[in-house]
Amino acid sequence: MIALTGVRPTGELHLGNYFGALKQLITLQRDYNIYFFVADLHALTTYVFQENLSEVSETLVASIIALGLDPTKNLIWTQSSVPEVCELMYLLSCLTGFQYLNKGHAFKSAKDTYKNPSVGLFLYPVLMAADIILYQSDVVPVGKDQQQHMEICRDLSEKLNKLIGSWIKVPQALILDEVAVVPGTDGRKMSKSYGNTIPIFADKDRILKIFKRISTDSTKLGRPIDLNNSVLGSYLKLTLGLESYRTLANACLEGKYGWGQVKEIAFEAFMKYFETARTKFLDLMRDRETIKEVISSGNEKARAIGSDFMRKFKKAIGLLSYV
Ligand code: ADP
Ligand code: TRP
């Protein structure tokens with residue numbers, strides 16, 4: 001069984017990426033073959049020709065390994081190194097109605113942000129479906145913002161099965177309710193594009209500053225504060241564990257802590273939770289050659305899987321597929 005996910009190399013990995021999708025992926029490595037890729041083609045839909053794209057891509061690979069994905073047992077590659085994914089995207093786009101895509105909520109909101117959104121952005125969900133179908137994935141751990149994209153992918157898989165006989169897998173999205181949307185420091189969804197993230201591998205002082213800037217209500221010291229429904233409470237629930245969180249939340253209700261102290265506790269809990277990963281990340285970043293080797297051998301394997309699938313698929317839809 002295959003569990004696959006991709007992350008766009010558009011910035012630093014944050015708490016929302018980890019708890020929303022990557023933690024689930026890493027946990028599944030006990031029972032699944034894990035396929036993790038750097039979605040660099042998807043990054044181009046909004047960050048055209050970002051100068052340091054390859055550097056951000058390598059950093060992303062170092063990050064996922066540091067967080068616990070074993071590169072010797074799982075597959076890690078860059079999306080753009082397998083051109084078959086674009087070929088499949090084109091074939092899938094011929095099966096996708098314009099009106100159907102035009103109704104997608106991600107594209108609808110892109111139309112509010114960009115005056116003239118690109119055709120690449122319009123095709124975003126079709127490329128994502130190609131990513132998943134090309135590697136015949138069973139499970140796809142993602143955050144809630146990807147739910148509609150997953151529905152589009154499932155629709156396309158089912159459509160293909162009706163056309164060419166039922167051998168295309170219909171993937172299952174893995175979206176965990178309690179972390180479906182991790183809030184950002186301003187209370188909106190945590191996202192690189194809102195500038196409200198807590199980057200996992202940033203230096204300590206920067207992270208401390210971010211925690212200190214989180215806005216809270218103006219309850220005076222000694223008065224009860226309610227951690228539930230607060231941004232800091234969400235972070236503490238994730239990094240402290242439920243039992244310690246409940247003890248702290250009760251103490252806060254008794255007025256034993258003020259928000260300033262809670263911020264410090266949340267910062268310490270964050271640093272402790274990611275301590276091992278952060279040390280490993282620094283080691284990996286000092287050894288770029290190893291990262292490059294992981295990517296290069298992953299690219300080769302992913303390409304072989306992609307071209308096998310395309311040969312079979314092209315034959316099934318009646319295209320000549322001589323090698
Ligand atoms: P961003 O919105 O910061 O650019 P990405 O689009 O690169 O993040 O997301 C990578 C993965 O992390 C996706 O599966 C996405 O659903 C998940 N994810 C991102 N932000 C959050 C969040 N705030 N809560 C839960 N999951 C998230
Ligand atoms: N769309 C995802 C995001 O914005 C990234 C992505 C691209 C992806 N292709 C994928 C996720 C395939 C899961 C499976 O975060």
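The values are calculated or read from the model by the stated rules, or taken from the named source; none is laboratory data. Here the structure is a predicted model, which is why all the values come from computation and not from measurement. Using ideal geometry, Cβ is built from the backbone for each residue, glycine included, and neighbour counts are taken over all protein chains shown. Protein only, heavy atoms only, side chains kept; ligands, DNA and RNA dropped before computing areas. Shrake-Rupley method; radii C 1.70, N 1.55, O 1.52, S 1.80 Å.
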Filter result (more than 11 Å from E58 (Cα to Cα) and part of a helix (DSSP H, G or I)) within region 271-286: M271, K272, Y273, E275, T276, A277, R278, T279, K280, F281, L282, D283
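Report whether or not R188 is at pLDDT 95 or above, within 13 Å of ligand 2 (Cβ to nearest atom), out of contact with any strand residue (DSSP E or B) (no Cβ under 7 Å at 6 or more places or on another chain) and among the charged types (D, E, K, R). So that I can check it myself, show each step before the final result.
Numbers: at pLDDT 95 or above: yes; within 13 Å of ligand 2 (Cβ to nearest atom): no; out of contact with any strand residue (DSSP E or B) (no Cβ under 7 Å at 6 or more places or on another chain): yes; among the charged types (D, E, K, R): yes.
Answer is no for this residue.
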Residue within region 190-202 that is in a helix (DSSP H, G or I) and charged (D, E, K, R) present: yes
Filter result (free of Cβ contacts under 8 Å to residues at least 24 places away in the same chain and either in contact with a Phe, Trp or Tyr (Cβ under 9 Å, 6 or more places away or on another chain) or not in a helix (DSSP H, G or I) (or both)) within region 7-47: R30
Subset tally (residues that are touching a residue at least 24 places away in the same chain (Cβ under 8 Å), out of contact with any helix residue (DSSP H, G or I) (no Cβ under 8 Å at 6 or more places or on another chain) and of a type in the set (D, E, K, R)) for region 284-313: 1
Unmet criterion (only one of (1) within 12 Å of ligand 2 (Cβ to nearest atom); (2) closer than 17 Å to L41 by Cβ; (3) among the hydrophobic types (A, V, I, L, M, F, W, C)) for V139: (2)
Subset of region 146-179 [in contact with a Lys or Arg (Cβ under 7 Å, 6 or more places away or on another chain) and open to solvent by 20 Å² or more (accessible area, probe 1.4 Å)]: V170, I175
Leading residue by the ranking (surrounded by the fewest Cβ atoms within 10 Å (Cβ to Cβ)) among those in region 36-56 that are within 14 Å of ligand 1 (Cβ to nearest atom) and either aromatic (F, W, Y) or within 10 Å of the chain's Cα centre (by Cα) (or both): Y47
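So in region 18-34, with the set limited to residues that are open to solvent by 30 Å² or more (accessible area, probe 1.4 Å) and not β-branched (V, I, T), which one is nearest to ligand 1 (Cβ to nearest atom)? Spell out the reasoning first.
From region 18-34, those open to solvent by 30 Å² or more (accessible area, probe 1.4 Å) are 23, 27-33; that's our starting set.
Subsequent filtering for residues that are not β-branched (V, I, T) retains 23, 28-33.
Numbers: K23: 10, L28: 14, Q29: 17, R30: 20, D31: 20, Y32: 16, N33: 19 Å.
The selected residue is K23.
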Residue in region 215-226 that is part of a helix (DSSP H, G or I) and either open to solvent by less than 70 Å² (accessible area, probe 1.4 Å) or more than 21 Å from S63 (Cα to Cα) (or both) present: no
Conditions (1) at positive phi; (2) outside any loop (DSSP other than H, G, I, E, B); number of the one not met by G233: (1)
Which listed residue, of E300, E268, E289, is assigned to a helix (DSSP H, G or I) and closer than 26 Å to F19 by Cα: E268
